[in-house]
Amino acid sequence: SSGINAEYGHWRTIVSRSVCDHFFDAQTKAATPEDVPPIIPANKNYLINIYREKIYLVAVIQMEVQPLFVIEFMHRVMDTFNEYFDDCSETAIKDNIIVVYQLLEEMLDNGFPLATELNILTELIKPPTILNKAVSMVTGKEGVSSVLPGSQLSNVPWRRQGVKYANNEAYFDCVEDVDVIIDANGNVVSAEIHGNINCNVHLSGMPDLSMSFINPRILDDVSFHPCVRLKRWESEKVLSFIPPDGNFVLMSYHISSQNQVAIPVYVRAMINFNEGQIGKVDITVGPKQ
């Protein structure tokens, strides 16, 4: 947000850094960092950007490409930085600038996304630890594996091979954001839900899991992790997948206001206004019995 290029790289062709001036101009005009347009035209190029962790990621596009494809990739980059550095701040990126370059070189091949799964990247590039940094300084090695991970050449690239655990466990958390309009009597006028299914899986071998829903027809605008078998979802509305190892988002969905959404809480509001005096608003929220 300070207008300083913390890190930049070129793929396919070299682009002048002056193209970022168009982004800086849009950033100056924006009232808040979130108000910067996600797509900014710049002569023959387009600048696609995201804002996360008080950091902008900007991609310079020279040919026609789906913007959401680029935005999703940049979010995947930020997720990878968070997993590697625990804190995707400007300081963390500068302190681990070599690892950042190594990750980008593996995640992009000639400008096209290649290895974006965390399991593959951790096998290729060791996460920065005090021990790894000390070994790198003594031996001069960059910490990049010379052996290609076996999972990268398999039909299940998101899961590394040879996973073994003494205790096998899997956790599934359904996290939902509820947008509700309630009238003065506490009745629901309109309600919709945006949700994610977050997973934390530690299972040995190559597990094959299935997940079913009581009423899958109410789920709209669904998006899945690449591990989900789309054909079975389309035919049976069942999630069938071989999960990655560790944390990942299995699915995101939307439940529109056209469906009868049951709100798990009640909301009651009391508004009092007196002439010439300050009004008072009391809002009571509690779980439905």
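The values are calculated or read from the model by the stated rules, or taken from the named source; none is laboratory data. The structure displayed is predicted, hence computed values, not measured ones. Cβ coordinates were reconstructed from backbone atoms using ideal geometry, including for glycine residues, and neighbour counts include every protein chain displayed. Heads up: the accessible areas ignore ligands, DNA and RNA and are worked out on the full protein's heavy atoms, side chains in. Shrake-Rupley method; radii C 1.70, N 1.55, O 1.52, S 1.80 Å.
Multiply the residue gap between residue 263 and residue 179 by 0.36 nm, knock off their C-alpha separation, and tell me the result in nm, one decimal place.
Working: separation 84, 0.36 × 84 = 30.24 nm, distance 0.99 nm.
Here the answer is 29.2 nm.
The Cα atoms of the range 156-239 define a convex hull whose projected area, averaged across directions, is 7.6 nm². What you get for the chain, charging only the Cβ of Lys and Arg (+1) and of Asp and Glu (-1), is a dipole of about 520 debye around the Cα centre.
Rounded to the nearest 10 degrees, the angle from helix 67-85 to the longest Cα principal axis of the chain is 70 degrees. Mind checking which of 193, 119, 262 is farthest towards the positive end of the chain's charge dipole, using Cβ charges of +1 (Lys, Arg) and -1 (Asp, Glu) about the Cα centre? So the residue furthest toward the plus end is 119. For the chain, the relative contact order comes to 11 percent (Cα pairs under 8 Å, sequence separation of at least 6). For the chain, the longest principal axis of the Cα atoms and the long axis of helix 130-139 meet at an angle of about 20 degrees. Once you reduce the range 152-200 and the range 209-260 to the center of their Cα atoms, the two points are 9 Å from each other.
First compute the accessible area of the range 182-289 with a 1.4 Å probe, then give the percent of it belonging to carbon and sulfur atoms.
On the way: 3610 of 7150 Å².
The C+S portion of the solvent-accessible surface of the range 182-289 is 51 percent.
For semi-axes √(5λ) of the Cα gyration tensor in Å, computed directly from the structure shown, the correct entry in (1) 99, 24, 11; (2) 39, 30, 20; (3) 32, 23, 17 is (2).
Counting only heavy atoms of the protein chains, get the accessible area per residue of the range 185-273 (1.4 Å probe) and round it to a whole Å² value. Let's see the in-between values first.
Details: 5290 Å² over 89 residues.
With the other protein chains kept in place, the range 185-273 gives 59 Å² per residue.
Length gained on full extension, residue 98 to residue 32: 20.7 nm, using 0.36 nm per residue less the C-alpha separation. Put a dot 7 Å past the Cα of residue 129, heading toward its Cβ, do the same for residue 273, and the two dots end up 6.3 nm apart.
Which FRET efficiency value, to the nearest 0.05, do you get for residue 155 and residue 230 by plugging their Cβ-Cβ distance into 1/(1 + (r/R0)^6) with R0 = 22 Å? Walk me through the numbers on the way to the answer.
On the way: r = 15 Å, r/R0 = 0.66.
E between residue 155 and residue 230, to the nearest 0.05, is 0.90.
Give me the angle, in degrees from 0 to 90, between the Cα long axis of helix 20-29 and the longest principal axis of the Cα atoms of the chain, rounded to the nearest 10. On a 0 to 90 degree scale, this one is about 20.
Annotation: for a label point projected 7 angstrom from Cα along Cα→Cβ of residue 82, residues of the range 31-66 with backbone N closer than 11 Å are 52-53.
Can you give the local net charge around residue 196? Use residues other than it whose beta-carbon is closer than 11 angstrom to its beta-carbon, Lys and Arg +1, Asp and Glu -1. Please report the intermediate quantities before stating the final value.
Values: positive: none; negative: 173, 176, 177.
Charge balance in the 11 Å sphere: -3.
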